[in-house]
Amino acid sequence: MSGPIVALKGVHKSYGDYHALRGIDLEIGAGEFFSLLGPSGCGKTTLLRTIAGFEDASEGRVLLDGRDMAGVPANRRPTNMVFQTYAVFPHLSVAENVGFGLRRSQMPKPERARAVEAMLEQVGLGGLGRRAAHALSGGQRQRVALARALILKPKVLLLDEPLSALDRKLREQMQHELRSLQRQVGITFILVTHDQEEALIMSDRIAVMFEGLIAQLATPEDIYNRPVDRRVAEFIGVMNLLRAEIRRNGSGIEAEIEGLGTVPIEARQVPGGLTGAATAGLRPETLTVLYEGQPDRGRVTHGNIEEETYYGDMTYYGVRLDGTDRPVTISMRNLPGRDILDPGTRTRVAWSPEALIFFP
Ligand SMILES: Nc1ncnc2c1ncn2[C@@H]1O[C@H](COP(=O)(O)OP(=O)(O)O)[C@@H](O)[C@H]1O
Ligand SMILES: [Mg+2]
């Protein structure tokens, strides 16, 4: 069967008169790494728990592998969940933790032990089966939680902010491990995260949620490069927003943009044939600070550097373009021999009209 492994149709969820989910339609394919991304309180956990069967939808349908899940309890669903705070049993060994869900299966003991050892190997805990779970590091504990969920061979693994308790370095490492583990086991992962970078790094597709609704469902590249509205644009990375006016000009379209001037643009840059007052968006990496002695290239405008933030590999400049009242953010790679420019410096800024996107 090649239908979606998860299908939600018009799912609503209310708590009293509070509407946590306000009409979710969603299809997730077998083997996908899918992320639910959005600010705290937008309904991500509620949606995940509704798929898992820990919550009942107030309205709408949840189908898993083509079957309607109405009335099917969590433990009868082809899903398993890994929680934010790794719920390992500290008094049990690693192997006992991982084998926990197999206790009631018909599997003979030696076979169970082999399954546990193979699973530990797969999550990078080979040989640690006898270790007490309380003696593990945070990253190792999260691997135990993963192994314990995966050993039950769910068709869909649900992960609610599984890495948010880890420090940055470990979190980045686990992101890569989780991604390659998902490719190995080949089952659908649905990850809840409020961290846009995490969603971009890990996912085949992302649903960006605000206030109980999906604002955009697309690949990471599309979410970043073609956000459907300003909310998505500003939630994912940094987006400079400038006032603009869009006009038809004979057979073409042109845009007059504060700080940048009037340029021809293409229809694909303008959603729904928008004309008149609009907002232009430019990512920080599509603008370039030109250093003294560097020749002009592409289109060039002028401004004053007002802020400088050093990140080691990158410097972020706040540059107020002439004729504007607030700075745009420009990211520059710190190459050898390239000076960091101080606030107060007058500078040329190169940019290109192809990088513009427009919002109503
Ligand atoms: N059991 C509940 N009773 C009442 N309100 C709830 C309950 N669970 C969640 N909510 C509310 O629903 C909204 C969405 O919560 P949640 O799904 O946990 O958001 P997220 O995971 O995106 O941070 C929040 O405003 C939260 O307070
Ligand atoms: Mg949550």
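Among the strands (runs of 3 or more DSSP E) confined wholly to segment 1-77, which include 2 or more residues that are over 19 Å from the mean Cα position of the chain (by Cα) and modelled with pLDDT of 95 or more?
Result: 6-15, 18-28, 59-64.
Select from segment 275-293 the residues that are touching a strand residue (DSSP E or B) at 6+ places or on another chain (Cβ under 8 Å) and either of a type in the set (Asp, Glu) or under 20 Å from PRO360 (Cα atoms) (or both) and list them in ascending order.
Selection gives THR275, GLY276, ALA277, ALA278, THR279, ALA280, GLY281, LEU282, ARG283, GLU285.
Just checking, does segment 128-144 include any residue being surrounded by 15 or more Cβ atoms within 10 Å (Cβ to Cβ), under 21 Å from the mean Cα position of the chain (by Cα), in contact (Cβ under 8 Å) with a residue 40 or more places away in the chain and closer than 27 Å to ALA207 by Cβ?
yes
Could you tell me whether segment 114-124 includes any residue that is within 16 Å of ligand 2 (Cβ to nearest atom) and among the acidic types (Asp, Glu)? Please lay out each step first, then the result.
Filtering segment 114-124 for residues within 16 Å of ligand 2 (Cβ to nearest atom) gives none.
No.
Output the strands (runs of 3 or more DSSP E) that fall wholly within segment 298-360 and possess 3 or more residues being among the aliphatic types (A, V, I, L, M) and within 14 Å of PRO284 (Cα to Cα), or say none.
The strands (runs of 3 or more DSSP E) meeting that bar are 314-321, 328-333.
Could you give every pair whose Cβ atoms fall below 9 Å, whose first residue belongs to segment 32-47 and is within 22 Å of GLN184 (Cα to Cα) and assigned by TED's automatic domain parsing to the domain that holds ALA20, and whose second residue is assigned to a helix (DSSP H, G or I) and within 6 Å of ligand 1 (Cβ to nearest atom), counting only separations of at least 6 or pairs across chains?
Qualifying pairs under 9 Å: LEU36/LYS44; LEU36/THR45.
Being of a type outside the set (S, T, N, Q), touching a Leu at 6+ places or on another chain (Cβ under 7 Å) and over 30 Å from THR219 (Cβ atoms): is that true of VAL94 here?
Yes.
Let me confirm something: among ALA218, ALA255, which residue is out of contact with any helix residue (DSSP H, G or I) (no Cβ under 7 Å at 6 or more places or on another chain), assigned by TED's automatic domain parsing to the domain that holds LEU287 and away from ligand 2 (no atom under 16 Å from the Cβ)?
ALA255
Just to be sure I understand, how many residues within segment 178-199 are more than 21 Å from ARG49 (Cβ to Cβ), surrounded by fewer than 19 Cβ atoms within 10 Å (Cβ to Cβ) and in contact with a helix residue (DSSP H, G or I) (Cβ under 8 Å, 6 or more places away or on another chain)?
Looking only at that region, the number is 3.
For segment 297-316, check the following and say yes or no: at least one residue is closer than 23 Å to ASN225 by Cα, crowded, with 18+ Cβ neighbours inside 10 Å and not hydroxyl-bearing (Ser, Thr, Tyr).
No: zero hits.
For segment 237-263, how many residues meet the condition of being surrounded by fewer than 18 Cβ atoms within 10 Å (Cβ to Cβ), more than 13 Å from PHE358 (Cβ to Cβ) and not charged (D, E, K, R)?
8
Are there any pairs with C-beta distances below 7 angstrom linking a residue in segment 90-103 that is within 12 Å of GLU117 (Cβ to Cβ) to a residue that is part of a helix (DSSP H, G or I) and not aliphatic (A, V, I, L, M), with the two at least 6 apart or on different chains, and if so which?
Short answer, once both residue conditions are applied: VAL98/ARG148; GLY99/ARG112.
Evaluate the following for ASP204: is it within 16 Å of ligand 1 (Cβ to nearest atom), in contact (Cβ under 8 Å) with a residue 12 or more places away in the chain and surrounded by fewer than 19 Cβ atoms within 10 Å (Cβ to Cβ)?
Criteria not met by ASP204.
Restricting attention to segment 141-180, and to residues there that are outside any helix (DSSP H, G or I) and among the basic types (Lys, Arg), which single residue is farthest from ligand 1 (Cβ to nearest atom)?
So the residue we want is LYS153.
Of the conditions (1) in contact (Cβ under 8 Å) with a residue 60 or more places away in the chain; (2) away from ligand 1 (no atom under 16 Å from the Cβ); (3) under 10 Å from the mean Cα position of the chain (by Cα), ARG230 fails just one. Which one is it?
For ARG230, the exception is condition (3).
Could you tell me whether any residue of segment 269-276 is more than 24 Å from ASP322 (Cβ to Cβ), without any contact (Cβ under 8 Å) to a residue 60 or more places away in the chain and buried (at least 19 other Cβ atoms within 10 Å of the Cβ)?
Checked segment 269-276: no residue is more than 24 Å from ASP322 (Cβ to Cβ), without any contact (Cβ under 8 Å) to a residue 60 or more places away in the chain and buried (at least 19 other Cβ atoms within 10 Å of the Cβ).
Considering only segment 237-247, state which residues are touching a residue at least 60 places away in the same chain (Cβ under 8 Å) and more than 14 Å from ILE257 (Cβ to Cβ).
The one that is touching a residue at least 60 places away in the same chain (Cβ under 8 Å) and more than 14 Å from ILE257 (Cβ to Cβ): VAL238.
The values are calculated or read from the model by the stated rules, or taken from the named source; none is laboratory data. In this text the structure is predicted, and so the values were computed from the model without any measurement. Cβ sites come from the backbone with ideal geometry, for glycine too, and all protein chains shown count toward neighbours.
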